[in-house]
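Every number in this text was worked out from the coordinates using simple rules, so none of it is lab data. This structure is a prediction, so every number in the text was calculated from the model and none was measured. Here the Cβ positions follow ideal geometry from the backbone for every residue, glycine too, while neighbour counts run over all protein chains shown.
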Amino acid sequence: MKKKILTTIISSTLFVSYGLYSVNAMAQTDSVQASANSESLKSEQVQADWHNNSKMYDVLAKAIVARMTDEEKLKMLVGAGMDPDKDTVINLKASVNGVAGYIHGVYAPKRRLDVPALKLADGPAGIRIDPTREGDSQTYYATAFPSGALIASTWNPDLVHEVGEAVANEGKEYGVDFWLAPGMNIQRNPLNGRNFEYYSEDPLVSGMIASAMVQGVQSKGLATTIKHFVANNSETNRFFINAVVTPRALREIYLRGFEYAVKESHPWGIMSSYNQVNGTNSGERADLMTDILRNEWGFNGLAMSDWFAGYNPIDLLNAGVDVIQPGGENLVVPGLGDWGKYVVEGYKNGELTKATLDRNVRHIVAQALKTPSAKNYPISNNPDLKAHATLAKQVADEGIILLKNQNSALPLATSQSIASFGITQINTLKGGTGSGDVHPDHVTTIIDGLAKQFPVNESLASFYSDYFEANKVITTGGLGVSKIVSCTEPSVTDLGAQINGAAQNSDVAVITLGRVAGEAADRKAGRGDYLLSETELGLISSVSNAFHAQGKKVVVILNIAGVIDMSEWQDQVDGIVLAYMPGQESGDAIADIISGKANPSGKLAQTIPLSYADVPSSTTFPGVDENHDGALDHQYYNEDIYVGYRYYQTFNKEVAYPFGYGLSYTSFDISRTKVLMNGLNHRHPRKGVLLKTVVANTGDVAGKEVVQVYVAAPEVKLKKPNIELKAFAKTRELAPGRSQRMMLEISPQTLASFDPAKDQWIVEPGTYQVYVSQSSDIRSVTPVEFVVRKEIVVENTTPGALALEEGVTAASFVTVAE
Ligand code: BGC
């Protein structure tokens, strides 16, 4: 059976488009700052609760599993299908339309068995369920929060925690049990179609933001599912691509954010990914799903597969995927049917043992018992959408990044009239497409947001609105891909006399550029995607010429899924606002930044390079077709550990905007940085390095700043990136002239590098330079130092885990090395 399934899949040409431990890198600040302190207190509380609770649920689950029949257990191992007849879902208490999947429960009162079926709803931008139901006048809208890339740009775990709490409220009030989020893969390459859902090119930012989200959601009793584990960094041929990555890069970059999240926040769920890692599907790797995830990191939740991921259900279950999703007819390989029958068969013929069956079901039941369904949470279908809309805007206000602001082009006085160009001002992109889409009750467009705060050029606004009505195209994507509204960008010729007219009559030009992206496809390096289209370039130059001729300013708003080229056009404009995909309150949040109602404090969680060719993975993304069957099959992670700023910094590459960068309407000064304590030279170092620094608002308006701690480590056995982010913290809102003392801690685990020769995390001896900076451009920062006297072995890991396939050597594909 094993072989049969495998070969059917492989030969199928069809593919569906469709402080850790206490990381302590999370900043702790002294009494002057309550918010980050409360974050670390929350963290302690989470750890304590988790230890008490997880034991109790394990014991309960064990007792329940002992009373279940094999048939009941086998049923639980495979989901109930994406859109099943509700009666076939075992022990479904109340149904919710539009969830992505279910896990069967069990009901046998005589044996005191009543584990409810679990309802799994997507994210990560909010709770994804159907907003309306046939024959029902009630609505089921959910808040569309800003997408992941923007959320991470806040660099504010406390705020992210609040988002998590709000998401949990919506999930529970609508009857959901598991949230299929957050997505936390590394933004390895700017063209990954799902970068909008992910947080960062850096594992610390990714891990800390994900931890805050998980803690927020779970603190209110809804389950999270961190995904996609692991190395799911592209979408092209996503079911079959083989990510070829060295164990060190996996450990230091791709696994590390997940490791932080698991150890800090104890997610109840995790989702394996579609891709292979070094020759085997991630979910079918016992070294990943069991040795690393459970034995090394202590994950104690439920592991599920991504939807139709993997090649063999028995391999998935044996490796440590507890439940295969979604079950039902396999849509990737038509004709294969429901994997449930192969699981039963595998159990009968001994490929799946009783021990494994019991283990997996125990994992499922232990989590099921914590869910709203198990606790009979009374579904109100009435979440606090109003409060969450306010929160969604607050997050967007705090995550939008001001990239350029020549001669203080921004903020604009609300008396200034705006000529607003670009079709995306109407076709505003709240988020990406696919399973990450959410159905809110409204989306404020950019033109509507601007019009609420400024006089806008009416003639131009009606031109765009008429053009949109005449040219919009609505497509409904394939499986899992939501409705997409697209519209061409009107050209300078289409605009006719509008540009010159507006330059005469309006005070400022605002041009919005849009880029949608989503699941199942990657973006393209060419014109109209990474590069601007000729039409967009024409628009920027015509508008800039006309407005500059009148001594008026031009500001560009980027409502984009991911990074685009800036080099070709940015010199022509005065201001650039990177809004990513700001959720349902897009227009109002962008207008807040333009007017200065919100002082920007978002910082890039990914680098914007000078050109796509500068991206170290540009030569290997999204893969190669080695067997010449017309589909990409291998993706070689040629830049190894040098992902994002680690590459640009180490190899002295100029970039357009560095990681960590973002302007404000005020200015900040960081001073009096000091190493307060260095616990690394103790015999058994538990504590790391404690730093103190002072941030002062030296400008004229109130604002927040992100303090970023970059460390340059000595190289003894291991080459390392020139600098790596080891801690960060955001200040509270500082009034002009006010300052804040911040304490930041770097744990030994955060400091460590992975020694592949010994399968160990080590801190090497020598002098460490610490740069407390406002971005990864540390050139003007004077470092402080600390010394490590002897090598510290922070952790031993599973020998040989995730090794390269036989015959593949790092030297054969790693092109970026010192
Ligand atoms: C996506 C997951 C999602 C699942 C359920 C898959 O195609 O990769 O992120 O949670 O579908 O919708």
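So what's the gap between the Cα centers of the stretch 802-818 and the stretch 600-662, to the nearest angstrom?
18
Using Cα-only point scatterers and the Debye equation, what is log10 of I(q)/I(0) for the stretch 660-762 at each q in 0.12, 0.13, 0.20 Å⁻¹, rounded to two decimals?
After summing over all Cα pairs, the log10 values are -0.51, -0.58, -1.02.
Can you give the extra length, in nm with one decimal, that the chain gains between Ser417 and Asn97 once fully stretched, where that is 0.36 nm per residue apart less the Cα-Cα distance?
Difference between extended and current length: 110.7 nm.
Write down Rg/Rh for the stretch 281-399, rounded to two decimals, with Rg from the C-alpha atoms and Rh from the Kirkwood relation over Cα pairs. Don't jump to the answer; show the numbers that get you there.
Values: Rg = 18.7 Å, Rh = 16.8 Å.
Result for the stretch 281-399 is an Rg/Rh of 1.11.
What is the distance in Å between the Cα centroid of the stretch 105-160 and that of the stretch 674-729?
Here the answer is 37 Å between Cα centres.
Which number comes out as Rg/Rh for the stretch 190-260 once both Rg and the Kirkwood Rh are worked out on C-alpha atoms?
Computed over Cα atoms, the ratio is 0.99.
So, with +1 on the Cβ of K and R and -1 on the Cβ of D and E, and no other charges, what is the size of the charge dipole of the chain about its Cα centre, to the nearest 20 debye?
So the magnitude is around 2300 debye.
Please quote Rg/Rh for the stretch 409-478 to two decimal places, taking the Kirkwood radius as Rh and restricting both calculations to Cα atoms.
Reported Rg/Rh, Kirkwood definition of Rh: 1.04.
Looking at the chain only, what percent of DSSP beta bridges run antiparallel? Nearest 5 please.
Percent antiparallel among DSSP bridges in the chain is about 60.
Stretch Arg133-Val624 to full length: gain in nm at 0.36 nm per residue minus the Cα-Cα span?
The Arg133-Val624 span can extend by a further 172.3 nm.
Between Thr798 and His684, how high is the FRET efficiency from 1/(1 + (r/R0)^6) when r is the Cβ-Cβ distance and R₀ = 22 Å? Nearest 0.05.
0.50
At a Förster radius of 22 Å, what calculated FRET efficiency corresponds to the Cβ-Cβ distance of Asp441 and Gln504, to the nearest 0.05? Could the numbers behind the result be given before it?
Values: r = 39 Å, r/R0 = 1.78.
Using R0 = 22 Å, I get an efficiency of 0.05.
Among all the aspartates and glutamates, which ones have a C-alpha under 18 Å from Lys220's C-alpha, if same-chain residues fewer than 8 places away are not counted?
List returned: Glu39, Glu44, Asp49, Asp122, Asp158, Glu162, Glu165, Glu170, Glu173, Asp177, Glu264, Asp384.
Under a point-charge model restricted to the Cβ atoms of Lys and Arg (+1) and Asp and Glu (-1), what is the dipole moment magnitude of the stretch 513-576 relative to its Cα centre, in debye to the nearest 20? Present the calculation step by step, with values, prior to reporting the outcome.
On the way: 6 positive and 9 negative charges, 37 e Å.
The dipole magnitude comes to about 180 debye.
Select from Val510, Ala497, Ser415 the residue farthest towards the positive end of the dipole of the stretch 411-541; place +1 on Cβ of Lys and Arg, -1 on Cβ of Asp and Glu, and compute about the Cα centre.
The listed residue farthest towards the positive side: Val510.
Across 20 Å bins from 0, what is the distribution of all Cα-Cα pair distances for the stretch 46-375, in whole percents?
P(r) for the stretch 46-375, in whole percents per bin: 34, 61, 5.
Determine, for Thr488, Thr371, Thr476, the number of other Cβ atoms within 10 Å of each Cβ, and report the residues in order from fewest to most. Each step should come with its number before you reach the end.
Numbers: Thr488 14, Thr371 23, Thr476 8.
The order, fewest Cβ neighbours first, is Thr476, Thr488, Thr371.
With bins 5 Å wide starting at 0, give me the P(r) of the stretch 492-561 over every alpha carbon pair, in whole percents.
4, 15, 24, 21, 14, 11, 7, 4, 1, 0
Return the distance in nm (one decimal) between the two label points of a simple spin-label model at Ala387 and Tyr107, each offset 7 Å from Cα along Cα→Cβ.
About 3.3 nm, to one decimal.
Quickly work out the Asp700-to-Asp87 label distance, labels modelled 7 Å from Cα along the C-beta direction, and quote it in nm with one decimal.
7.2
Go ahead and collect, in residue order, the members of the stretch 418-460 whose backbone nitrogen is under 20 Å from a label point 7 Å along the Cα-Cβ direction of Ile379.
438-441
Hey, what's the Cα Rg ratio for the stretch 187-333 versus the globular rule of thumb, 2.2 N^0.38 Å? Before the final figure, lay out the partial values.
Values: Rg = 14.3 Å, N = 147, 2.2 N^0.38 = 14.7 Å.
Normalised by 2.2 N^0.38 Å, the Cα Rg of the stretch 187-333 equals 0.98.
For the stretch 593-709, just run the numbers: alpha carbon Rg, then divide by 2.2 N^0.38 Å, N being how many residues it has. Show your work: numbers first, answer last.
Working: Rg = 20.8 Å, N = 117, 2.2 N^0.38 = 13.4 Å.
That ratio works out to 1.55.
Would you work out the Kirkwood radius for the stretch 708-818? I mean one over the mean of 1/r across all pairs of different Cα atoms, in Å.
Numbers: mean 1/r = 0.0606 Å⁻¹.
Hydrodynamic radius (Kirkwood, Cα only) of the stretch 708-818 equals 16.5 Å.
For n ≥ 4 DSSP H runs only, could you compute -39500 (n - 2.57) per run for the chain, divide by its residues and tell me the 222 nm figure to the nearest 500?
Result for the chain: -8000 deg cm²/dmol, rounded to the nearest 500.
Testing the spin-label approximation: label points 7 Å from Cα along Cα→Cβ at Glu469 and Glu534. State their distance in nm.
3.1
Checking the a/c ratio against 1.5 first, then a/b against b/c, what shape does the Cα gyration tensor give for the stretch 612-659?
Working: a/c = 4.02, a/b = 2.64, b/c = 1.53.
Because a/c hits 1.5 or more and a/b exceeds b/c, the stretch 612-659 counts as prolate.
I need the calculated FRET efficiency for the pair Thr815 and Ala355, taking r as the beta carbon distance and R₀ as 41 Å, to the nearest 0.05.
0.40
Over every pair of different alpha-carbon atoms in the stretch 95-200, take the mean of 1/r and invert it; report that Kirkwood radius in Å.
Details: mean 1/r = 0.0643 Å⁻¹.
In the stretch 95-200 this quantity evaluates to 15.5 Å.
About the Cα centre of the stretch 46-375, how large is the charge dipole given +1 on each Lys and Arg Cβ and -1 on each Asp and Glu Cβ? Please answer in debye to the nearest 20.
Working: 32 positive and 38 negative charges, 172 e Å.
Computed about the Cα centre, the dipole is about 820 debye.
Report D for the stretch 400-598 in µm² per second (integer): Stokes-Einstein, Kirkwood Rh on Cα pairs, 10 °C, 1.306 mPa s. Walk me through the numbers on the way to the answer.
Values: Rh = 16.9 Å.
Diffusion coefficient, whole number: 94 µm²/s.
Quick one: give the max-minus-min coordinate of the C-alpha atoms of the stretch 495-609 along each principal axis, largest first, in Å.
Here the Cα extents, ordered largest to smallest, are 44, 34, 24 Å.
Using every Cα-Cα pair within the chain, state what percent have a distance larger than 39 Å.
Numbers: 118998 of 334153 pairs.
Percentage above 39 Å: 36.
For the stretch 665-724, what's the radius of gyration and Dmax over Cα atoms, in angstrom?
16.1, 49
Over every pair of different alpha-carbon atoms in the stretch 744-795, take the mean of 1/r and invert it; report that Kirkwood radius in Å. Kindly include the intermediate steps, with their values, before the conclusion.
Working: mean 1/r = 0.0804 Å⁻¹.
Hydrodynamic radius (Kirkwood, Cα pairs) of the stretch 744-795 is 12.4 Å.
Got a sec? How would Lys386, Lys597 order by Cβ neighbour count within 10 Å, fewest to most? Display every interim value, and only then the final one.
Working: Lys386 8, Lys597 14.
Fewest-to-most ranking of Lys386, Lys597: Lys386, Lys597.
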